[in-house]
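The values are calculated or read from the model by the stated rules, or taken from the named source; none is laboratory data. Just so it is clear, the model here is predicted, and its values are computed rather than measured. For neighbour counting, all protein chains shown are included, and Cβ atoms are generated from backbone atoms with ideal geometry for every residue, glycine included. Keep in mind that these areas ignore ligands, DNA and RNA; they rest on the heavy atoms of the full protein, side chains included. Shrake-Rupley method; radii C 1.70, N 1.55, O 1.52, S 1.80 Å.
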Amino acid sequence: MGDTEPEIDGRRIATEARDRVRFEEEALALADQVYRVARRLVGTREEAEDLVQDTYGRAFRSWQSYTPGTNLRAWLLRILTNLNLDRGRKVQRTPDMQPIEEGDYYLANKMVEASGEQVLDQDRVVEKLSQDSIVNALSSLPHDFRDTVVLVDIGEFSYADAAQILDIPIGTVMSRLHRGRRLLKQQLAEETIS
């Protein structure tokens, strides 16, 4: 009896190894088709290659969840699509990472572009931005962004206090504040240029 158990385990391991090799060969035979789909989903060749690599990495890690005899191409493309959706969501959650210098001089750069001047007079910028223009720009923001900007920037509430007042998570406060400030900056730049 003791001899049959190692023999059964050996057969099972050998069968599993053969199945894995067969799976990998069939999956790799579809690599060109998977790449073509990836290339259409993303903007650059490098992103497509990364997406295909991630797809095959995930497929090889979970190869046992594939049911032999079903459509392997569809299974791989489902993994590819899910990874691409995850990548898109991650990009959406990532804040806009423009260099600080560019953000600090956004208004100045816009004014120089509009007027064609190389030297910017700071007094002219301050002169053009009246309190009325700031109030108008603030009132033109979408409601959710305006409330957050007013509470944090004008009311000087902490993120936690603003989250409690608005009954939203702190992360949402930070996101709305970032987007609200960016929209406000753009509104004021456009008004100053006009």
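For first residues located in region 137-155 and touching a residue at least 24 places away in the same chain (Cβ under 8 Å) and under 20 Å from Ala189 (Cβ atoms), partners that are loosely packed, with under 14 Cβ neighbours inside 10 Å and not basic (Lys, Arg) and lie 6+ apart or on another chain with Cβ distances below 8 Å form the pairs Arg146/Ser139.
Taken over region 9-28, the residue count meeting the criterion of being among the small types (Gly, Ala, Ser) and within 16 Å of Thr70 (Cβ to Cβ) is 1. In region 28-44, the residue that is nearest to Gly88 (Cα to Cα) out of those that are modelled with pLDDT of 90 or more and open to solvent by 90 Å² or more (accessible area, probe 1.4 Å) is Asp32. State yes or no: is Arg182 open to solvent by 60 Å² or more (accessible area, probe 1.4 Å), of a type in the set (D, E, K, R), within 19 Å of the chain's Cα centre (by Cα) and at pLDDT 85 or above? Taking the combined requirement at face value, the residue satisfies it.
Counting only residues that are within 22 Å of Val135 (Cα to Cα), of a type outside the set (S, T, N, Q) and open to solvent by less than 70 Å² (accessible area, probe 1.4 Å), region 150-177 holds 10 of them. Quick check on region 11-27. Is at least one of its residues open to solvent by less than 60 Å² (accessible area, probe 1.4 Å), part of a helix (DSSP H, G or I) and under 22 Å from Asn84 (Cβ atoms)? Checked region 11-27: at least one residue is open to solvent by less than 60 Å² (accessible area, probe 1.4 Å), part of a helix (DSSP H, G or I) and under 22 Å from Asn84 (Cβ atoms).
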